[in-house]
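Each remark here refers to the structure printed beneath this line.
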Amino acid sequence: MPAFKLNRVLVYFAAQRKHIGFYPTASGISAFEEELSQFKHSKGAVQFPIDEPVPLELVRKVVRFRVKEDMAKTKKEGR
């Protein structure tokens, strides 16, 4: 599954038959629970319907959040 990584994996994504799967981990989902509420989602995954535009600004916000989270964890680990 393709992924974007900085110091650790930030988000995964995958094309399915009826949706685009976006996997920003549980923290990425919980931080944007309200904005993601219009999409089918679980603890660690979101399903964007294949026949609708992907909400790119929301995806950007989630990825930026995950980058900040990754950098904070890396700093805390002393890397």
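The values are calculated or read from the model by the stated rules, or taken from the named source; none is laboratory data. Everything quoted here is computed from the prediction, not taken from an experiment. Cβ atoms come from the backbone with ideal geometry, glycine included; neighbour counts cover every protein chain shown. These accessible areas exclude ligands, DNA and RNA; they are computed on the full protein's heavy atoms, side chains included. Shrake-Rupley method; radii C 1.70, N 1.55, O 1.52, S 1.80 Å.
Looking at PHE48, PHE4, which one is among the aromatic types (Phe, Trp, Tyr) and either under 11 Å from the mean Cα position of the chain (by Cα) or assigned to a helix (DSSP H, G or I) (or both)? Step through it out loud before you land on a result.
On the way: PHE48 fails: either under 11 Å from the mean Cα position of the chain (by Cα) or assigned to a helix (DSSP H, G or I) (or both).
After applying the criteria, what remains is PHE4.
Under the condition of being more than 21 Å from ILE50 (Cβ to Cβ) and not aliphatic (A, V, I, L, M), which residue from segment 1-27 is surrounded by the most Cβ atoms within 10 Å (Cβ to Cβ)?
As a first pass, look at segment 1-27 and keep what is more than 21 Å from ILE50 (Cβ to Cβ): 5-10, 25-27.
Next, only the ones that are not aliphatic (A, V, I, L, M) stay: 5, 7-8, 25, 27.
Numbers: LYS5: 10, ASN7: 13, ARG8: 12, THR25: 19, SER27: 13.
Selected residue: THR25.
I need the full set of residues from segment 28-45 which are of a type outside the set (Asp, Glu), more than 9 Å from the chain's Cα centre (by Cα) and open to solvent by less than 90 Å² (accessible area, probe 1.4 Å), in order please. Lay out the reasoning, then the answer.
Here is the first cut: in segment 28-45, the residues of a type outside the set (Asp, Glu) are 28-32, 36-45.
Now drop any that are not more than 9 Å from the chain's Cα centre (by Cα), which leaves 30-32, 36-43.
SER30, ALA31, PHE32, LEU36, SER37, PHE39, HIS41, SER42, listed by residue number.
Any residue that is of a type in the set (S, T, N, Q), without any contact (Cβ under 8 Å) to a residue 40 or more places away in the chain and either assigned to a helix (DSSP H, G or I) or touching a strand residue (DSSP E or B) at 6+ places or on another chain (Cβ under 6 Å) (or both) - is there at least one of those in segment 24-43?
Among the residues of segment 24-43, at least one is of a type in the set (S, T, N, Q), without any contact (Cβ under 8 Å) to a residue 40 or more places away in the chain and either assigned to a helix (DSSP H, G or I) or touching a strand residue (DSSP E or B) at 6+ places or on another chain (Cβ under 6 Å) (or both), which makes the answer yes.
How many of the residues making up segment 46-66 are closer than 21 Å to ARG17 by Cα and either among the basic types (Lys, Arg) or surrounded by 15 or more Cβ atoms within 10 Å (Cβ to Cβ) (or both)?
To start, the set of residues in segment 46-66 that are closer than 21 Å to ARG17 by Cα comprises 46-56, 59.
Cutting the leftovers down to either among the basic types (Lys, Arg) or surrounded by 15 or more Cβ atoms within 10 Å (Cβ to Cβ) (or both) gives us 46-48, 55, 59.
Going through segment 46-66 one residue at a time, the tally reaches 5.
Return yes or no: is PHE65 at pLDDT 95 or above, aromatic (Phe, Trp, Tyr) and part of a helix (DSSP H, G or I)?
Details: at pLDDT 95 or above: yes; aromatic (Phe, Trp, Tyr): yes; part of a helix (DSSP H, G or I): yes.
Here the answer is yes, as PHE65 does meet what is asked.
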